[in-house]
Amino acid sequence: MHHGREEQSMKKVGIIRCQQAEDMCPGTTDFKVAREGKLAFEETGPVEIIGFVSCGGCPGKRAVARAKMMVERGAEAIVFCSCISRGNPIGFPCPHFEQMKSAVAAKVGDKVDIIEYTH
Ligand code: SF4
């Protein structure tokens with residue numbers, strides 16, 4: 001009775017973005033779709049972002065430790081931004097995406113969901 005239904009069930013996510021894309025995009029759309037439960041978050045509904053980190057720079061190895069850190073801090077899903085998987089906003093996806101995703105999944109995939117894009 002102290003919590004709304006949404007708040008009670010709101011999933012916690014940790015988002016990983018492309019370090020190269022930081023110069024072009026502050027992640028505004030990621031926060032918007034997460035807050036509104038749209039696009040990649042249609043299934044979960046609105047989510048709480050508990051961490052928003054970059055991959056650490058090419059070739060993205062740091063994403064593994066950073067994903068683990070976010071899971072330790074309560075993330076129930078790790079989300080790769082569309083700048084990584086879809087190449088937003090300039091149509092240049094990360095050439096290391098598949099490898100980064102596999103490494104992250106191997107580290108935390110048994111504990112949390114992996115979501116491959118944001119919007
Ligand atoms: S590894 Fe991929 S996601 Fe990370 S900075 Fe390089 S291009 Fe971007």
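The values are calculated or read from the model by the stated rules, or taken from the named source; none is laboratory data. Here the structure is a predicted model, which means the values were calculated and not measured. Please note: Cβ atoms are built from the backbone with ideal geometry, for glycine as well, and neighbour counts cover all protein chains shown. These area figures cover heavy atoms from the full protein model, side chains too; ligands, DNA and RNA do not enter into them. Shrake-Rupley method; radii C 1.70, N 1.55, O 1.52, S 1.80 Å.
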*From GLY60, GLY51, GLY45, GLY14, which residue is touching a strand residue (DSSP E or B) at 6+ places or on another chain (Cβ under 9 Å), within 13 Å of the ligand (Cβ to nearest atom), outside any helix (DSSP H, G or I) and open to solvent by less than 20 Å² (accessible area, probe 1.4 Å)?*
GLY60
*Just give me the residues in the range 54-83 being β-branched (Val, Ile, Thr) and in contact with an Asp or Glu (Cβ under 9 Å, 6 or more places away or on another chain), in sequence order.*
ILE78, VAL79
*Could you tell me whether any residue of the range 99-114 is surrounded by fewer than 19 Cβ atoms within 10 Å (Cβ to Cβ), in contact (Cβ under 8 Å) with a residue 40 or more places away in the chain, assigned to a loop (DSSP other than H, G, I, E, B) and under 14 Å from the mean Cα position of the chain (by Cα)?*
no
